[in-house]
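All remarks here apply to the structure that follows.
The values are calculated or read from the model by the stated rules, or taken from the named source; none is laboratory data. Bear in mind the structure is a predicted one, so any value in this text is a computation, not a measurement. Virtual Cβ from ideal backbone geometry, glycine too; neighbours counted across all protein chains shown. The accessibility values were calculated without ligands, DNA or RNA, using every heavy atom of the protein model including side chains. Shrake-Rupley method; radii C 1.70, N 1.55, O 1.52, S 1.80 Å.
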Protein chains: 2
Amino acid sequence: MMTLEDEAMAADPETGQRLAADNEGVSQLPEMSSIVGYVLRRAQLSVFQDFIESFAELKLRPAEFSVLNLIAQRPGQKQSEIAEQLGIKRANFVALMDGLERRGVAERRKSPEDKRSHSLHLTAEGERFLSEMLSVWNAHEQRIIQRLGGDAERDKLIELLGRLSGPD
Amino acid sequence: MMTLEDEAMAADPETGQRLAADNEGVSQLPEMSSIVGYVLRRAQLSVFQDFIESFAELKLRPAEFSVLNLIAQRPGQKQSEIAEQLGIKRANFVALMDGLERRGVAERRKSPEDKRSHSLHLTAEGERFLSEMLSVWNAHEQRIIQRLGGDAERDKLIELLGRLSGPD
DNA sequence: ATGAATTGTTTTATATCATAACATTTATTT
DNA sequence: AAATAAATGTTATGATATAAAACAATTCAT
């Protein structure tokens, strides 16, 4: 009779698999689908993919969405403030903001109080763009929530993810 | 008496905040901390940050970890197969594999059956490296699980994240 | 008033990722 | 069997993201 060891040692003619000697401690190797960081990355890419497809027509990237949303929530904030909230280096924020200004949806205003800083605002066209943007985003977000199973699952996920985000 | 509208209209001398006229529909704007994609990205960056710091000494990046782990689980797989499992374009996989080969931890073997493909294997040194790698990774993963609250929370998170990952 | 810190900016380097083209080899069609 | 199509690894290239260093103008701190 064939022992378990024999079975483990047998080569698989179907898949042309290697002998067991080649991968002994395989059982202690983590399944990719159980590695938090890996599953996290795959999920993030998938959600961003949906986002990018959703905003293909408006040609808006996630970072730009976030910037416009933050400016709308609290107009007048400085570049550094917006950048820092999003974890974007202020050096890299410059080009991003240039783009939004070139599109005419946001603008820099030099404040008389501190002549170093620029306070950020939406333009009138930016306000119109905002409502379009939010409409597209709502559809996207609903699609994501549906994938999760509902609002309760969304809330649970957000809570768990919040525990992972460092203090930065 | 001051109405709610009045309060909403009042400028804040502390923060130098804009007038309410500047951001009327602010209540319909999503909080960044409630946007799945955003929270997901921040969490992923944080987990990867811990990973990168954990592997600073071994100079191993997440993608390289995944490749070595997959090769160890199933030696002999083709480059394309490993690349596809990880969502890495086969063109970009070449340089990654070059690096692992140059470090002497993995190797390409040309299979006699299909002279196009290369089957991937760990070297003897790669096997030694693997156990170091797993030791470092276990510490990292435990840290992440601890942040989440425990194994149950980890399992729940993995399940929810799995629902988000597209069919790719 | 002088030195230190902040803010926006430019420049540069690196890493990531997608696409196209190619040679070699294998599979499929005629 | 010959011709065509597809798979595999590779190279080259461009786009994007991200980090770090240096700088000028301005404000803050001592």
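Among the residues of A:29-35, the average count of other protein chain beta-carbon atoms within 10 Å of the residue beta-carbon is 6.
What is the sum of charges around residue B:153, taking Lys and Arg as +1, Asp and Glu as -1, for the other residues whose C-beta is under 11 Å from the C-beta of residue B:153? Numbers along the way, then the final one.
On the way: positive: A:156, A:163, B:147, B:154, B:156; negative: A:159, B:151, B:155, B:159.
Taking every other residue near residue B:153 into account, the sum is +1.
How high is the FRET efficiency from residue B:33 to residue B:132, r the C-beta distance, R0 45 Å, rounded to 0.05?
Details: r = 38 Å, r/R0 = 0.84.
Efficiency at R0 = 45 Å is approximately 0.75.
Contact order for the stretch A:47-168, expressed relative to its length and based on alpha carbon pairs under 8 Å spaced 6+ residues apart, stands at 24 percent.
When Cβ neighbours within 10 Å are restricted to other protein chains, what is their mean count per residue of peptide A:69-78? Walk me through the intermediate numbers first.
Numbers: counts 6, 2, 1, 7, 7, 7, 6, 7, 4, 0.
Partner-chain Cβ atoms within 10 Å, mean over residues of A:69-78: 5.
Pairs of C-alpha atoms in the stretch A:115-157 farther apart than 11 Å represent 71 percent of all such pairs.
The charge dipole of the protein assembly as shown, taken about its Cα centre with unit charges on the Cβ atoms of Lys, Arg (+1), Asp and Glu (-1) only, comes to about 1220 debye.
What size of dipole, in debye to the nearest 20, comes out for chain A about its Cα centre when the only charges are +1 on Lys and Arg C-beta atoms and -1 on Asp and Glu C-beta atoms? Mind dumping the intermediate values first?
Working: 22 positive and 28 negative charges, 293 e Å.
Magnitude of the dipole: close to 1400 debye.
Basic side chains Lys and Arg get +1 at the Cβ, acidic Asp and Glu get -1 at the Cβ, and with that the dipole of the stretch B:19-96 about its Cα centre reaches some 540 debye. Between the Cα long axis of helix A:90-102 and the first principal axis of chain A there is an angle of about 60°, rounded to the nearest 10.
Per residue of peptide B:44-52, the mean number of Cβ atoms on other chains within 10 Å of the residue Cβ is 6. Within the full protein context, the accessible area of residue A:84 is estimated at about 140 Å² for a probe radius of 1.4 Å. Global size of the protein assembly as shown: 25.0, 92 Å for Rg and Dmax (C-alpha atoms, Rg to one decimal, Dmax whole). Helix A:62-73 and the longest principal axis of the Cα set of chain A meet at an angle near 40°.
Angle, helix B:151-164 long axis vs. longest principal axis of chain B, Cα atoms, 0 to 90°, nearest 10? For B:151-164 against chain B, the angle is about 90 degrees. Think of the stretch A:88-168 as a dipole: +1 on every Lys or Arg Cβ, -1 on every Asp or Glu Cβ, centred on the Cα centre; then among A:135, A:145, A:106, A:106 lies furthest on the positive end.
The solvent-accessible area of residue A:52, taken with every protein chain present and a 1.4 Å probe, is close to 80 Å². As a ratio to 2.2 N^0.38 Å, the alpha-carbon radius of gyration for the stretch B:42-95 is 1.24.
Computed over chain A, the quotient of the alpha carbon radius of gyration and 2.2 N^0.38 Å is 1.59.
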